[in-house]
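Novice: Mind having a look at this structure? Questions to follow.
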Ligand SMILES: [Zn+2]
């Protein structure tokens, strides 16, 4: 009986930690390029999923169109690509270049994302793909976690979870993501 009591306490501790992170709050501008290749409503819903995932760890995303060069601001750039050659990173939905700040940082193969799940799940998957790649850039690593947003390969079980609500970043991911702001100040 005692053992069962410990589980809710552990869960509570995690929630308090997440709340502490959220209380501080950080802002992140994400620029979207070549959005014409994406269906408008799917993209709107996907942005909502991505924003919710980051809001859960205290990061507010501000969406812009175009590139930081136009506005002179810092930020992360996501470019939507369709019809990439099938032999180019064939098993990937997207890729990020976390160590190269001179070029577009994230490329998303929109048609591959849409073709991988039933239509109604497309916004959830696209939202998680964007969150995953932004996660790579903020953590400045191409490494992955065992579970959640930063998992290397999501299974159909993960897709089922996504349909019920966003996946989470692990505690390790959260502290690495926070390093993006603490390291640059
Ligand atoms: Zn990855």
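Novice: Filter segment 47-68 down to the residues that are more than 15 Å from residue 129 (Cα to Cα), part of a helix (DSSP H, G or I) and touching a strand residue (DSSP E or B) at 6+ places or on another chain (Cβ under 7 Å) and list them by number.
Specialist: Residue satisfying the conditions is 68 alone.
Novice: Applying the selection to segment 135-166, what residues are away from the ligand (no atom under 11 Å from the Cβ) and in contact with a strand residue (DSSP E or B) (Cβ under 9 Å, 6 or more places away or on another chain)?
Specialist: 138, 158
Novice: In segment 69-123, which strands (runs of 3 or more DSSP E) lie fully inside it and hold 3 or more residues that are surrounded by 10 or more Cβ atoms within 10 Å (Cβ to Cβ) and either at pLDDT below 85 or more than 15 Å from the ligand (Cβ to nearest atom) (or both)?
Specialist: 76-81
The values are calculated or read from the model by the stated rules, or taken from the named source; none is laboratory data. This one's a predicted model, so the numbers in the text were calculated from it and none came from an experiment. Cβ sites come from the backbone with ideal geometry, for glycine too, and all protein chains shown count toward neighbours.
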